[in-house]
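Chemist: Mind looking over this structure? Questions follow.
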């Protein structure tokens, strides 16, 4: 039973069926000049209620790095949280795709940065000073790497600070659906209406095989994206097989249903664990991912019982993630085991 | 009816079924730590009869650029044909992934370079001269961009020249299966036994959805490949869906059957066209791709009749490509139409 | 006696004196915020009769690579002659500074490209096609690497073709002074009036210790140049010592006097050699550099006699370069020796 | 009167004379194949008592970035202090020259990192994990950006931790002479004997016009340095003018005399200020640079009196730097003024 990550899971049935159907449709124009891709852009426009431009890619790292590549000159400085995926877990992809921009990290609870810290950091004299990397963008993760959630107001405050100094705002939305499900916000409210310029819109972790979209709320920013995607090796000849996944993901609110289920499973896990002695849940963890500290015997015992998760962040701390297809029985089994071990 | 490219086609049934089966198998370790990926490496070892290392990726450009990134220092010079895909059709991906290496182009019939030309080019004093980009690798395409085929002897001659000067040899095998089918050579004979160090082993054009493998015949060369793949955004979390395609592609010689069919269809097209007045077939074109020059009325008429192909290379010249699933009836229809137009 | 290159020579007395004077002036603002640098920009505005922006750097490779870095996106294609210094002799600096742009080479006599060849090359379908590197600039060398001279009309024709397709025009003017001296053109006539957007204005080869200027005729192009120069390690803290060289170089037409002398010495050499049997002068060679083919005994004999030059370009071919301080007696000695050897 | 930086000063007379003499010597082989460059390497070998390899360059940023470029793969992580010059003041040059390596910052008093912090940081699981940038080097500044001094023991402890994990050790020695003068250590003791692999050996701030050397204590590390220097535009054609500065700098212990004077002047300033009410000296500041906090009226008054320095690091904090030619009368004048303002 796996609570290690939402990327170990299978694909959602409707998404796999969409791939099969895309194949049954016979030959199609290559390189994104197909109907599936066109339809996905239309779906995203409807979802976000604006005239956006979007590009399918197949990995989250590609989505993030390519998104940043159009925001950052090579001499730029990008601000992000010190545990941001782009800083820690992409083996330097943002530096690679931006031609060497510098990631400057900010502290903050729950892996969230805040407007005041960013503001103070931007007042340090770098802007316009030829010796310093030039602040050009800020990136936030929604939900964050530790399961935190930015409110629309928090995002707007960060974006205000950023835009005042001509920085662009990127959102790493690898688990964007889970954020939406947890916040009940409209997609537009926690993105472009709050000042987000570019979104990495994830689907892989929430039921796709391999599909993400880079969403530009200001199409002008996307002017050379297509060349950068090709040059990164991320333009698929049979693109329809990526786009078909996104189409099915967006159709009938599958993305939302999947995210709601994953969130519900993690909340069940959270409430169950919180009631046990010696358990600390870190942060609010309102979506499908949390960090908890258990006693060492509990951690060891759960592993022995066959549960999979990452030990991370220090003594007794583990990360738990629920997926779109997490079985409630597995949650209950985990809780029972934990309860037994806590005695 | 489409003779424009082998990348407009669907996936082969067995490959799609393998993806479906990989999904039905339940959760799997992410990022290539799955059983499918392990098995694919084993299959490639059997196929090439050696102790190679291999990495699945999802596009041909990624395969080429990542392969070159481990062969080239940023101040290096890479030799390739002037119409090589890496030079013309990857929007600068090789320069991107190598950190700015220079591609130096060589002429040659049928998009083939030859050992003598390379040898002469390497005698120009660049090696060791601090002012010049440093020759570090040569890349050949098999089959070539115009449908040509390198013999084992031709490859060995190029590799000899290259290795004598400490250059590595890369083969872009986007249509490697078609080369094998056309040459009846053993895979090892036209790769490592002839001196190829790294192969981009293509599957997408020959029946996969999106799957290629970078094959290192000298595993030492691959030491940091995994980091470079991740940093390029080409490490898939649900890697099994890429590897499963390759597994099915390699199983039961599907790759060979597909390539043989594609080649047979193109040969039928070639023979039919060659018998018509005013038609010139360029090069030997022994596999599944050829350039032919027709009269303008023929080209126009074929297009009006609904046939798709690229006009390329000059007045009346078109490129024709057959795929693993090209229907012989479509070939015959094309030939009939051409015959009628030639009168 | 050295005819190998103009970069083996000493500095012109007035330039060295300017460095000494800059030192005697006491402390100065660092990083180019000094008076010398301001004055040099003013001198260049006067010389070129326009409101340009200029930046001192210390090497020709830095000037070229930095100039190109603001013209080229990393996915761009830059057109230049196949023997251009930027292609052959800068160890990949243009690729480095542009983040991996592709240099596409064009043929042409006397190391000159021509408008028609460029025009034809730009009609090959790359522009706007996502698979191809995107044409963004053309670079010409004045005088060329083989001693050729572009006329104002030839430059304008190239720039017309380039600008029509939104390409920028760079001129590598490592020996720009020699071009001016040879052509009697006004500086503006063979630069911005003919369509040149950015000029690498050389001084090192013509009497400086180490000083060049990157001249932007359209100051808007220079918006982020300062950051790129700093990031390349080319912003000198004690910049005045570079700028003082340029100031002296530009003052009292020293640049022109130096170039005229160098050209005169080479012309004397050329006329003397041309009158000998078995000697072929290649190209018009109107400035201070030429390629000539001599008989092997002549080449060997001249070397034995202690003359220094590069053997380059094939059997019996050598490159001869005159400098601002070439002694006419040395020219005559060379000619006498050659004459004796030709008998 | 300038205490803002040691890079606003003139060149030391002996160094300027060396440049004049190098010019008087007539033509010389270009690109570092001259006698001055050879002699400098010999001097450095004597100074450091080992068989090192060294390369002159003209700026500190070039020295640092080029040194790091041979230590770091593009997917590497480099550890340095959070206020390191390479992190803050080189506009991203290290990222540029390494092809996008990530700089990971560590805290520490007096701008010094310590072995324990580095050790803990290296135990976080990044090494060998494909998702994380790979730790490959650590860089320390001697003296630090705030005037701190590493002891031989502190350096050895850091290098031990680094080498145990196969990281290389770089030292930014922009003010290395001042460190030596302050520590009375042998050059070898605080470099290679303590585990430093590569040193940026500064001269510009201590009396040169523009001259630094990149010193490789393990010549094997330098194998491709020459190509990287050329490609960065840092190979000077008339290299002797850079090397002549270094030769004079190293001759007769000029470097040491200059550094001792600068240190003495700063110490005099420090002792004078420390005795005043309301003055806080930050850190030990044993060399030629310190940060002090004064009252606002003192800072304002000193500026009004014409003294130049940087306000930096917060309310009332200023940076003071003494140079090789700082006049003791100016120090005393500064102290008198401060004393008067403190009443």
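Chemist: Across peptide B:11-20, how many C-beta atoms of other chains are within 10 Å of each residue C-beta, on average?
Modeler: That works out to 3 on average.
Chemist: Compute the Kirkwood hydrodynamic radius of the stretch D:199-315, taking the inverse of the mean of 1/r over all pairs of distinct Cα atoms, and give it in Å to one decimal.
Modeler: Taking every pair of different Cα atoms in the stretch D:199-315, averaging 1/r and inverting gives 17.6 Å.
Chemist: Report, in whole Å, the centroid distance computed from the Cα atoms of the stretch C:1-48 and the stretch C:193-245.
Modeler: Using only Cα atoms to place each centre, the spacing works out to 12 Å.
Chemist: Where does the Debye-calculated log10 I(q)/I(0) of the stretch D:115-194 sit at q = 0.18 Å⁻¹, using only Cα point scatterers of equal weight, no solvent?
Modeler: Scattering profile of the stretch D:115-194, log10 relative to I(0): -0.73.
Chemist: Treat the stretch B:81-122 as a sphere of radius equal to its Kirkwood radius over Cα pairs and apply Stokes-Einstein at 37 °C in a medium of 0.692 mPa s; give the translational diffusion coefficient in µm²/s, rounded to a whole number.
Modeler: 296
Chemist: Another question, then. Evaluate E = 1/(1 + (r/R0)^6) for residue D:330 and residue A:129, where r is the Cβ-Cβ distance and R0 equals 30 Å; express this FRET efficiency to the nearest 0.05.
Modeler: With R0 = 30 Å, the Cβ-Cβ based efficiency is 0.65.
Chemist: Starting with the fewest neighbours, write out D:167, D:106, C:47 ranked by other beta-carbon atoms found within 10 Å of each beta-carbon.
Modeler: With the fewest neighbours first, D:167, D:106, C:47 line up as D:106, C:47, D:167.
Chemist: For B:53, D:191, what ranking results if the residue with the fewest other Cβ atoms within 10 Å of its Cβ goes first?
Modeler: Fewest-to-most Cβ neighbours within 10 Å comes out as B:53, D:191.
Chemist: Now a separate question. Suppose R0 equals 25 Å. What FRET efficiency, 1/(1 + (r/R0)^6) with r the Cβ-Cβ distance, do residue C:38 and residue C:166 give to the nearest 0.05?
Modeler: Between residue C:38 and residue C:166 the formula returns 0.15.
Chemist: In addition: Going by how many other Cβ atoms sit within 10 Å of their own, how do B:118, B:68, D:302 line up, fewest first?
Modeler: Listing B:118, B:68, D:302 from fewest to most nearby Cβ atoms yields D:302, B:118, B:68.
Chemist: Compute the length gained on full extension between residue C:284 and residue C:25: take 0.36 nm times their separation in residues and subtract their Cα-Cα distance, giving the result in nm to one decimal.
Modeler: Full extension of this stretch gives 88.7 nm more.
Chemist: Once Rh for the stretch A:214-278 is found with the Kirkwood sum over Cα pairs, what is the Stokes-Einstein diffusion coefficient at 10 °C and 1.306 mPa s, in µm²/s?
Modeler: 102
Chemist: Let me check I have the definition right: for the stretch C:13-149, take the eigenvalues of the Cα gyration tensor, multiply each by 5, take square roots. What are those semi-axes in whole Å, largest first?
Modeler: 35, 18, 14
Chemist: Here's something else I'd like to know. Using the scaling law 2.2 N^0.38 Å as the reference, what is the normalised Cα Rg of the stretch B:37-85?
Modeler: Output field value: 1.43.
Chemist: Something else about it: Give, in nm to one decimal, the length gained when the segment between residue A:119 and residue A:340 is fully stretched (0.36 nm per residue of separation minus the Cα-Cα distance).
Modeler: In short, 74.7 nm is gained.
Chemist: OK, next. With Rg and the Kirkwood Rh both taken from Cα atoms, where does Rg over Rh land for the stretch A:69-225?
Modeler: That ratio is 0.94, to two decimals.
Chemist: Given labels modelled 7 Å from the Cα in the Cβ direction, how far is it in nm from residue B:317 to residue C:264?
Modeler: Taking the simple label geometry, residue B:317 and residue C:264 are separated by 5.3 nm.
Chemist: Provide the descending list of Cα extents for the protein assembly as shown along its principal axes, expressed in whole angstroms.
Modeler: 89, 83, 52
Chemist: Quickly rank D:154-160, D:88-94, B:84-90 as a protection proxy: mean count of other C-beta atoms within 10 Å, highest first.
Modeler: Final packing ranking: D:88-94, B:84-90, D:154-160.
Chemist: Can you give the mean number of other chain Cβ atoms that lie within 10 Å of the Cβ atoms in peptide C:272-281?
Modeler: So the per-residue partner count for this stretch is 0.
Chemist: Within a 10 angstrom radius of each residue's Cβ in D:29-35, how many Cβ atoms of other chains show up on average? Whole number is fine.
Modeler: Whole-number average of other-chain Cβ neighbours for D:29-35 is 3.
Chemist: Ok, one more. If you count the DSSP beta bridges with both ends in the protein assembly as shown, what percent of them are antiparallel, to the nearest 5?
Modeler: Here the share of antiparallel DSSP bridges comes out near 50 percent.
Chemist: Using the Kirkwood formula on the Cα atoms of chain B, what hydrodynamic radius do you get, in angstrom to one decimal?
Modeler: Every distinct Cα pair counted, the radius reaches 20.6 Å.
Chemist: What ranking, highest mean first, results for peptides C:141-151, C:222-232, B:240-250 when packing means the other Cβ atoms within 10 Å averaged over each residue?
Modeler: The packing order, highest mean first, is B:240-250, C:141-151, C:222-232.
Chemist: Hey, another quick one. State the Cα centre-to-centre distance between the stretch D:74-143 and the stretch C:283-343 in whole Å.
Modeler: 53
Chemist: With equal scatterers on the alpha carbons only and no solvent term, can you work out the Debye log10 of I(q)/I(0) for the stretch D:188-249 at 0.17, 0.21 1/Å?
Modeler: -0.70, -0.99
All of the numbers you see were taken from the coordinates with simple rules; none came from a lab. As the structure is a computational prediction, the values presented were derived from the model and not from experiment. All Cβ positions, even for glycine, are placed from backbone atoms using ideal geometry, and neighbour counts span all protein chains on display.
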